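Peer 1: Below is a structure I'd like to ask you about.
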Amino acid sequence: MANQDDTFKKVIAHAKEYGYIFQSSEIYDGLSAVYDYGQNGAELKKNIRDYWWKSMVQMHQNIVGIDAAIFMHPTTWKASGHVDAFNDPLIDNKDSKKRYRADVLIEDYAEKLLQKAQKEITKAAKRFGDSFDEEQYKTTNPRVLGYLQKREDILARMGKSLGNEDLVDVKALIEELEIADPETGSKNWTDVRQFNLMFGTKLGASAETAMDLYLRPETAQGIFVNFLNVQKTGRMKIPFGIAQTGKAFRNEIVARQFIFRMREFEQMEMQFFVQPGEELKWYEYWKETRLKWHLSLGLGEENYRFHDHDKLAHYANAAADIEFNFPFGFKELEGIHSRTDFDLKAHEEHSGKKLKFFDPQRNESYVPYVVETSIGLDRMFLAVFSKALQEETLEDGSSRTVLKLPNILAPTKVAVFPLVKKDGLPEIAQQIVDDIKWDYTVLYDEKDAVGKRYRRQDAAGTPFCITVDHETLENQTVTLRERDTMKQKRIKISDLQSILSEELSIKKWLN
Ligand code: ATP
């Protein structure tokens, strides 16, 4: 645990030191769970957003993107169920005065059981060597079976109690499992209560006429209320999708995990409208397609896993998370939800407008079913950034800090250095910058020894460095150095563009 904490602390410190993430209004001591993206962070965030948009919108002829407002008519949130049911179960520790999400405490307990089972399996694998059959061991070893069964029982009971609004049983479960405050070890808990996560605000100049509004807690509803506008003006035929990225706001109860859980964050969501009865087929399709998108970034297949929900939201008939191995363990990164016709039907009821699709082949109108993919942009940022940050020991025994961001997402793609600040080398380097900047983010640096400049770019995540030296004057070649391998090769300046476009082709990454 101490190890995980250290890794996470390093991630946070590095993000600040290299201009990725700052605490919001830091000069006033910050604002809890609100963060600003610095010069490199803004680029990385934009690149992740573009990578998503490209694959979801541009690569699908039947998906279009919109940009709906953050403010929406307040009835939207009545219809969506957020006014009545967008709650988290909270529990306070009476001794430490710390507040927790009751469901998260229980889920963390269940995760520990899984880890215990995993440990037994790893131990047995070592003992049995090549003849080890993991599947057989998992299904026959009593200790492993015990852990897994207990985990399943706990999650099922929690799902049932939360579904029935039985908060007394949620508390009973915490007590039965003897779950303690993770920070102090105290088991002196209050009752579990529901807490609505929406931020309220007011629209209008005078107090009497002002209208109560909410800051949107998800971007999805902006898509649902525009379903007909987009379907008609875009002449969309089912199945089709509407995507959008944008800010969402939640008054999170516990927000102590950097940009993993923020009060103001950004979502990238896509609602896919399908014929009723076909939703589970599309649900499987989107689970697979979204996982493929994640794997395309090369952060390691072992860092992802699916988690099927036991506790379904009020609108869903199937739901799964793609979980990622964050510095603090596997946690939700993206949700794929089969939302049925819940949202469109609810908006029909509350608005009195028909939100149906006329299917010319079947010659009938129906309210489409919806499969949603929903990912937090900031959470994706944390996934990429934390996996990319590595300490390496080099052959000569020295060490380097390197941010191995997927090249396609790196804020600065190329850094150009003159070996020395004289003999016409800076001018050539500047000329290279001017040529490349049309296509890639590029940085010029002439300060310090070139080795130090390489290290600076390694830590900032820049995949390629180009050095102009005296040989350049003779034969128009430069050194191209790669961040990950630290390999250097001599190339012609005239070949630079084609080499970079090969390395940084989005087609290659997404394919
Ligand atoms: P959690 O269980 O972690 O609270 P959730 O199930 O409420 O998340 P969804 O409502 O499904 O989350 O939101 C979709 C995605 O939005 C999540 O997978 C996550 O990536 C992101 N997200 C949700 N809440 C936050 C937050 N407070 N800060 C950052 N990202 C968030």
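Peer 1: Using the crude model of +1 on Lys and Arg Cβ and -1 on Asp and Glu Cβ, and no other charge, please compute the dipole size for the chain relative to its Cα centre, in debye to 20.
Peer 2: Details: 72 positive and 81 negative charges, 71 e Å.
Here the size comes out at about 340 debye.
Peer 1: Same structure again: Would you work out the relative contact order for the range 69-151, in percent, from Cα pairs under 8 angstrom that are 6 or more residues apart? Display every interim value, and only then the final one.
Peer 2: Numbers: 47 pairs, mean separation 18.5, N = 83.
This gives 22 percent for the range 69-151.
Peer 1: If R₀ is 51 angstrom, what is the calculated FRET efficiency for the pair Lys160 and Lys237, using the beta carbon separation as r and rounding to 0.05? Walk me through the numbers on the way to the answer.
Peer 2: Working: r = 40 Å, r/R0 = 0.79.
That pair, Lys160 with Lys237, gives E of 0.80.
Peer 1: Classify the range 11-75: rounded, prolate or oblate, from the alpha-carbon gyration tensor (a ≥ b ≥ c, eigenvalue square roots; a/c under 1.5 rounded; otherwise prolate if a/b is larger than b/c)?
Peer 2: In terms of gyration-tensor shape, oblate.
Peer 1: Compute the long axis of helix 142-163 from its Cα atoms, compare it with the longest principal axis of the Cα atoms of the chain, and write down the angle in degrees, 0 to 90, nearest 10.
Peer 2: It works out to around 60 degrees.
Peer 1: Is the C-alpha gyration tensor of the range 417-483 telling us rounded, prolate or oblate? Criteria: a/c under 1.5 is rounded; beyond that, a/b larger than b/c is prolate, otherwise oblate.
Peer 2: On the way: a/c = 1.71, a/b = 1.24, b/c = 1.38.
Note, shape of the range 417-483 comes out oblate.
Peer 1: Sequence neighbours fewer than 8 away in the same chain don't count; with that in mind, list the lysines whose C-alpha is under 16 Å from Lys507.
Peer 2: Lys54, Lys292
Peer 1: Restricting attention to the range 269-346, which trypsin sites (Lys or Arg not before Pro) occupy a DSSP loop and are surrounded by at most 16 other Cβ atoms within 10 Å?
Peer 2: Values: sites: Lys281, Lys287, Arg290, Lys292, Arg305, Lys311, Lys331, Arg339, Lys345; in loops: Lys311.
Counting only loop positions with at most 16 other Cβ atoms within 10 Å, the trypsin sites (Lys or Arg not before Pro) in the range 269-346 are Lys311.
Peer 1: Given +1 on the Cβ of Lys and Arg, -1 on the Cβ of Asp and Glu, and no further charges, what dipole in debye does the range 201-310 carry about its Cα centre, rounded to the nearest 20?
Peer 2: Values: 15 positive and 15 negative charges, 70 e Å.
Roughly 340 debye, rounded to the nearest 20.
Peer 1: On a 0 to 90 degree scale, rounded to 10, what angle separates helix 279-295 from the longest Cα axis of the chain?
Peer 2: The two axes meet at around 30 degrees.
Peer 1: Roughly how tilted is helix 377-388, in degrees to the nearest 10 and between 0 and 90, from the longest Cα axis of the chain?
Peer 2: It works out to around 50 degrees.
Peer 1: While we're here: Sorted by average packing, counted as other Cβ atoms within 10 angstrom per residue and highest first, what order do 233-239, 394-400 take?
Peer 2: Working: 233-239: 14.1, 394-400: 8.6.
My ranking of the peptides, most packed first, is 233-239, 394-400.
Peer 1: Explain nothing, just the number: relative contact order of the range 126-218, from Cα pairs under 8 Å at least 6 residues apart, as a whole percent.
Peer 2: Values: 49 pairs, mean separation 13.0, N = 93.
Worked out over the range 126-218, it gives 14 percent.
Peer 1: Please give the Cα centre distance for the range 49-77 versus the range 323-344, rounded to the nearest Å.
Peer 2: 17 Å
Peer 1: Continuing with the same structure: Any lysines with Cα under 30 Å of the Lys353 Cα? List them, leaving off those in the same chain fewer than 8 positions away.
Peer 2: Result set, ordered by chain and number: Lys78, Lys202, Lys232, Lys237, Lys247, Lys281, Lys345.
Peer 1: Taking a spot 7 Å from the Cα of Asp50 along the direction of its beta carbon, which residues of the range 494-511 have an amide N less than 20 Å from it?
Peer 2: 496-511
Peer 1: I'd like the distance between the alpha-carbon centres of the range 137-196 and the range 448-462, rounded to an integer number of Å.
Peer 2: 48 Å
Peer 1: In nm, what is the difference between 0.36 nm times the number of residues separating Thr184 and Leu203 and their Cα-Cα distance? Before the final figure, lay out each step's value.
Peer 2: Details: separation 19, 0.36 × 19 = 6.84 nm, distance 4.29 nm.
Roughly 2.5 nm would be gained on extension.
Peer 1: Give the calculated FRET efficiency between Ala313 and Ser498 to the nearest 0.05, with a Förster radius of 45 Å applied to their Cβ-Cβ distance.
Peer 2: Details: r = 49 Å, r/R0 = 1.10.
The calculated FRET efficiency here is 0.35.
Peer 1: Would you work out the charge dipole size for the range 88-194 about its Cα centre, treating the Cβ of every Lys and Arg as +1 and the Cβ of every Asp and Glu as -1, and quote it to the nearest 20 debye?
Peer 2: Details: 20 positive and 23 negative charges, 75 e Å.
Computed charge dipole of the range 88-194: roughly 360 debye.
Peer 1: Assuming 0.36 nm per residue, please report the length gained on full extension of the stretch Ser399 to Phe328 beyond their Cα-Cα distance.
Peer 2: Numbers: separation 71, 0.36 × 71 = 25.56 nm, distance 2.44 nm.
Residue separation times 0.36 nm, minus the Cα-Cα distance, leaves 23.1 nm.
Peer 1: Filter the cross-link list Lys421/Lys508; Lys9/Lys452; Lys123/Lys187; Lys387/Lys508 down to pairs whose alpha-carbon distance in this structure exceeds 27 Å.
Peer 2: Too far apart for the 27 Å limit: Lys421/Lys508; Lys123/Lys187.
Peer 1: Okay, moving on. Grab the Cα-Cα distance for Arg362 and Gln476, subtract it from 0.36 nm times how many residues apart they are, and report the gain in nm with one decimal.
Peer 2: On the way: separation 114, 0.36 × 114 = 41.04 nm, distance 6.66 nm.
Result for the pair: 34.4 nm of gain on full extension.
Peer 1: Which peptide among 496-506, 270-280 comes first, and what is the full order, when sorted by highest mean count of other Cβ atoms within 10 Å? Don't jump to the answer; show the numbers that get you there.
Peer 2: Details: 496-506: 14.5, 270-280: 19.9.
Taking the mean over residues of other Cβ atoms within 10 Å, the ranking is 270-280, 496-506.
Peer 1: How much of the DSSP bridge set in the range 412-510 is antiparallel, in percent, rounded to the nearest 5?
Peer 2: Values: 9 of 17 bridges.
The antiparallel fraction comes to roughly 55 percent.
Peer 1: While we're here: If you take the beta carbon distance between Glu392 and Asn251 as r and set R0 to 35 Å, what does 1/(1 + (r/R0)^6) give as a FRET efficiency, to the nearest 0.05?
Peer 2: The formula returns an efficiency of 0.30 here.
Peer 1: How would you rank 194-200, 36-42, highest first, on the average number of other Cβ atoms within 10 Å across their residues?
Peer 2: Working: 194-200: 14.9, 36-42: 17.4.
Order by mean packing, descending: 36-42, 194-200.
Peer 1: From the helices alone, meaning DSSP H stretches of at least four residues, give me the mean residue ellipticity at 222 nm for the chain, per-run term -39500 (n - 2.57), in deg cm²/dmol to the nearest 500.
Peer 2: Details: 18 runs with 199 residues, N = 511.
Only helices count here, giving -12000 deg cm²/dmol.
Peer 1: If contacts are Cα pairs under 8 angstrom and at least 6 residues apart, what is the relative contact order of the chain in percent? Walk me through the numbers on the way to the answer.
Peer 2: Numbers: 857 pairs, mean separation 70.1, N = 511.
Rounded, it is 14 percent for the chain.
Peer 1: Quickly work out the Asp191-to-Ser24 label distance, labels modelled 7 Å from Cα along the C-beta direction, and quote it in nm with one decimal.
Peer 2: 3.3 nm
Every read-out reported here was derived from the displayed coordinates using simple, explicitly stated rules and does not represent laboratory data. The structure displayed is predicted, hence computed values, not measured ones. Note that we place each Cβ from the backbone using ideal geometry, even for glycine, and neighbour counts take in every protein chain shown.
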